[in-house]
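One structure is given here, and the rest of the page talks about it.
We did not get these values from a lab; they are worked out from the coordinates using the rules stated. Everything numeric here is computed off the predicted structure, so don't read it as measured data. Virtual Cβ from ideal backbone geometry, glycine too; neighbours counted across all protein chains shown.
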Amino acid sequence: MLTRINGEILALGGTLKNLRSTDLCHTETLPELTTSVAQANLAAAVAVGQFVIGELVDAEGRVHLVVINRDYLAPTGEKIVFHEPISGIQEISKASGEPVACDEYDGEASTLTVNLDPGDGRLFRWQ
């Protein structure tokens, strides 16, 4: 497991090191001194689940979203609803660090379905 996680960190590190955080929020139940997803800039709501959602931007102004499952015991799969439609989303691959197609985004509903293992996270980039 540690070898897999180390490989994922190495793959994502090239992207993550160039990102600047613009917002960080949590779903209910809120940990002490945190901000609710209801107050986020991009994400408007998450149905249920224990998520941390980070909004970031790179030097070219491209928006990135990191979604982490706060629950270390149970997997989760939820829809994130955005304030405004997005022209497209790519996922940054944990295997290669390269952007790949993301079929979980529904442009009409402006939702992204995110499935995560316990404690897992995914990194997305707006096109």
Worksheet, complete the sentence: For the stretch 118-124, in residue order, the Karplus 3J(HN,Hα) values (coefficients 6.51, -1.76, 1.60; θ = phi - 60°; whole Hz; Gly and Pro = x) are x, x, 7, x, 9, 10, 10
Item to complete: Would you look at the GNM of the chain, springs on alpha carbons closer than 10 Å, and say which of Ala45, Ala74, Ala59 moves the most?
Response: Ala59
Worksheet item: Could you give the length gained on full extension between Thr3 and Ser36, defined as 0.36 nm per residue of separation minus the Cα-Cα distance, in nm?
Response: 8.5 nm
Fill in: Added length on full extension, which subtracts the Cα-Cα distance from 0.36 nm per residue, Ala101 to Arg62
12.4 nm
Item to complete: Counting only C-alpha contacts under 8 Å and six or more residues apart, can you give the relative contact order of the stretch 33-119 as a whole percent?
Response: 29
Discussion item. Which chymotrypsin sites (Phe, Trp or Tyr not before Pro) in the stretch 67-127 sit in a loop by DSSP (not H, G, I, E or B) and have at most 13 other Cβ atoms within 10 Å of their own Cβ?
Written reply: Tyr72
Worksheet item: Which value at 222 nm does the chain reach when only helices count, each DSSP H run of 4 or more adding -39,500 (n - 2.57), with the total divided by all residues and rounded to the nearest 500 deg cm²/dmol?
Response: -4000 deg cm²/dmol
Item to complete: Report the local net charge at Leu116: Lys and Arg +1, Asp and Glu -1, summed over other residues whose C-beta lies under 11 Å from its C-beta.
Response: -2
Worksheet, complete the sentence: Largest fluctuation, Glu60, Glu84, Glu104 only, Gaussian network model of the chain with Cα springs under 10 angstrom, belongs to Glu60
Discussion item. Using Stokes-Einstein with the Kirkwood hydrodynamic radius over Cα pairs, what translational diffusion coefficient do you get for the chain at 10 °C and a viscosity of 1.306 mPa s, in µm²/s rounded to a whole number?
Written reply: 107
